[in-house]
Amino acid sequence: MISVEQALEKILGYIDVLEAKESPILDTLGLVLAEDIVSTVNVPPLDNSAMDGYAVIAEDTRGAGQQSPKYLKVIGTVPAGSISKQEVIRGTAVRIMTGAPVPSGADAVVQFENTDETQREPNSSEIGILTEAKVGLNIRRAGEDITKGSVTLRQGTVLQSAEIGVLASLGRTSVRVIRRPVVAILSTGDEVVDISQPLPPGKIYNSNTYSLAALVKRYGGIPKLLGIALDNEDSLIAKLNEGLDSDLLITTGGVSVGDYDVVKDVLAKEGEIGFWRVRMKPGKPLAFGSIKGVPHLGLPGNPVSTMVTFELFARPAILKMMGQQNWTKPIIEATIEGSVKNTDGRRIYARAMVEKRDGQYFARLTGPQGSGILTSMTSANGLVIVPEERDGVEAGELVQVMMLDWDNAF
Ligand code: AMP
Ligand code: MG
């Protein structure tokens, strides 16, 4: 048997980063930037007001106070989006709205609250300033966020919502990113039935295709559903051929020792393939190789094993293809509630719900851990790791938990 780390290393050794493509910015969430973004503009483009108020010359407000207003002549108004033609000279002010460019001559903005704006007569031509303003008060400087000519985002950055906003603020409609991998998914098994069909006796619905496709989407890939192959060579070869234009081919089932497991035989004939027994539970049997140049990962058929091995092996492969550098899931320490026995020296990934109480993490096992009990994944946000060299963990021990989901751990 090989370790989880050995299996992952072998898999990633076959995986290359995909090529870059120009994409509309809103399609790039979670993708890796494939170019340096050099700003062609200043953001903001001009000095502008951070407040609704009056653009003034700071010097003119010297000695201003609640009891000693300094009156300035209002020579115009500048709303956001326009540029004032007036120049502020000594003794004058321009009424200005947030975001509007500061008129020439002015060097400070006094917000309405510090003027007699509310008491002012509607057609009065003067404004009373009730506070002293320093030069630069309430002025956002041109280029203070992004300076023209600077590298604003570096190649290799994972684009999140803020980065997409920054691209928009530079006026970029599209950028070069590493493209998303197309991941073909094929379920196998004579007993497996498509969810659009009635369920005959002795059969089960195909859940693996859907849990895997959802995982592929979650991590940024594009799932390509190949459906179900029957446990015979012709059916399997025909389906596999449909997936040869993808970047990664995932099959489920048929890799364990079983009479009808033809996947192994077919793959051995059609491509290069290794069959591994990985020292882990759930999910011991695993196949990896390539079919006509397409990397192929053969996951076990049991619905929980399928999902867990996807997280451990397929997810890193997909992220590597996407140019990501980090494919580790967060691992935290938690006190385990309940005990886990380890009888055969494999690393156990036990489904658990991690919760924070009084500032500490607790991991509650989700009940029966059979690898066919898919609902146990719905009530888990992490996998408690029981090391292969331990014969188990007892309730109350500190354990490591690989978090699948953070959102509901608090
Ligand atoms: P196998 O690895 O092919 O021996 O399958 C192991 C177990 O997982 C069997 O009980 C299968 O019925 C079940 N199984 C295999 N493929 C699927 C699937 N696509 N959806 C749900 N269960 C499956
Ligand atoms: Mg099978």
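The values are calculated or read from the model by the stated rules, or taken from the named source; none is laboratory data. Only a predicted model underlies this, so the values are computations on that prediction, with no experimental measurement involved. For neighbour counting, all protein chains shown are included, and Cβ atoms are generated from backbone atoms with ideal geometry for every residue, glycine included.
Tell me, which residue of region 384-400 that is free of Cβ contacts under 8 Å to residues at least 60 places away in the same chain and outside any strand (DSSP E or B) is farthest from ILE348 (Cα to Cα)? Don't jump to the end; show me each part of the working.
Start the filter on region 384-400 by keeping residues that are free of Cβ contacts under 8 Å to residues at least 60 places away in the same chain, which leaves 384-387, 389-395.
Checking the rest, the ones that are also outside any strand (DSSP E or B) come to 387, 389-391, 394-395.
Numbers: PRO387: 7, GLU389: 10, ARG390: 10, ASP391: 10, GLU394: 14, ALA395: 16 Å.
Here the residue is ALA395.
What are the residues in region 109-127 that are touching a helix residue (DSSP H, G or I) at 6+ places or on another chain (Cβ under 8 Å) and either at pLDDT 95 or above or not β-branched (Val, Ile, Thr) (or both), if any? Reasoning before the result, please.
Filtering region 109-127 for residues touching a helix residue (DSSP H, G or I) at 6+ places or on another chain (Cβ under 8 Å) gives 110, 112, 118, 127.
Hits for region 109-127 are VAL110, PHE112, ILE127.
Please work out which residue is farthest from ligand 2 (Cβ to nearest atom), limiting yourself to region 299-355 and to residues that are closer than 30 Å to ASN206 by Cβ and of a type in the set (Ser, Thr, Tyr).
So, considering only residues that are closer than 30 Å to ASN206 by Cβ and of a type in the set (Ser, Thr, Tyr), the one farthest from ligand 2 (Cβ to nearest atom) is TYR349.
Between residues in region 309-323 that are in a loop (DSSP other than H, G, I, E, B) and residues that are aromatic (Phe, Trp, Tyr), which pairs lie under 9 Å by C-beta distance while being six or more apart or on different chains?
Cβ pairs passing all conditions: MET322/TYR219.
Among (1) surrounded by 13 or more Cβ atoms within 10 Å (Cβ to Cβ); (2) assigned to a loop (DSSP other than H, G, I, E, B); (3) touching a helix residue (DSSP H, G or I) at 6+ places or on another chain (Cβ under 6 Å); (4) not aromatic (Phe, Trp, Tyr), there is one condition VAL135 misses while meeting the rest; what is its number?
Unmet condition: (1).
Limited to region 267-284, what total is found for residues that are within 16 Å of ligand 2 (Cβ to nearest atom) and surrounded by 23 or more Cβ atoms within 10 Å (Cβ to Cβ)?
Final tally of qualifying residues: 3.
Can you tell me which residue is modelled with the lowest pLDDT among those in region 244-258 that are hydroxyl-bearing (Ser, Thr, Tyr) and within 16 Å of ligand 2 (Cβ to nearest atom)?
Looking only at region 244-258, we keep the residues that are hydroxyl-bearing (Ser, Thr, Tyr), and these are 246, 251-252, 256.
If we keep only those that are within 16 Å of ligand 2 (Cβ to nearest atom) as well, we get 251-252, 256.
Numbers: THR251: 95, THR252: 95, SER256: 75.
Restricting to residues being hydroxyl-bearing (Ser, Thr, Tyr) and within 16 Å of ligand 2 (Cβ to nearest atom), the top hit is SER256.
If we keep just the residues of region 146-187 that are in a helix (DSSP H, G or I) and either of a type in the set (Gly, Ala, Ser) or under 26 Å from MET307 (Cα atoms) (or both), which is nearest to the chain's Cα centre (by Cα)?
If we filter region 146-187 for residues that are in a helix (DSSP H, G or I), which is where we start, we get 161-169.
Then keep just the ones that are either of a type in the set (Gly, Ala, Ser) or under 26 Å from MET307 (Cα atoms) (or both); that gives 161-162, 165, 168-169.
On the way: SER161: 9, ALA162: 12, GLY165: 15, ALA168: 19, SER169: 21 Å.
Here the answer is SER161.
As an exercise: evaluate ALA363 against (1) crowded, with 20+ Cβ neighbours inside 10 Å; (2) under 21 Å from GLN6 (Cβ atoms) and give the number of the one condition it does not meet.
(2)
Would you be able to tell me the number of residues in region 368-399 that are closer than 26 Å to THR328 by Cβ and of a type in the set (D, E, K, R)?
So the first thing to find is which residues in region 368-399 are closer than 26 Å to THR328 by Cβ, and the list is 369, 371, 374, 376-390, 392-393, 397-399.
Going one step further and asking which of them are of a type in the set (D, E, K, R), we end up with 388-390, 397.
Matching residues across region 368-399 total 4.
Can you list residue pairs whose Cβ atoms sit under 9 Å apart, with the first residue in region 56-72 being without any contact (Cβ under 8 Å) to a residue 60 or more places away in the chain and the second being among the hydroxyl-bearing types (Ser, Thr, Tyr) and assigned to a helix (DSSP H, G or I)? Count only pairs 6 or more apart in sequence or on different chains.
Close Cβ pairs satisfying both conditions: LYS70/THR61; LEU72/THR61.
Identify, please: which residue in region 224-264 is over 35 Å from the mean Cα position of the chain (by Cα) and of a type in the set (Ser, Thr, Tyr) and is, among those, surrounded by the fewest Cβ atoms within 10 Å (Cβ to Cβ)?
Out of the qualifying residues, it is TYR260.
So, restricting to strands (runs of 3 or more DSSP E) that lie completely within region 12-107, which ones have at least 1 residues that are surrounded by 20 or more Cβ atoms within 10 Å (Cβ to Cβ)? Before the answer, list the steps.
Numbers: elements: 20-24, 53-56, 70-78, 92-96.
The qualifying strands (runs of 3 or more DSSP E) are 53-56, 70-78, 92-96.
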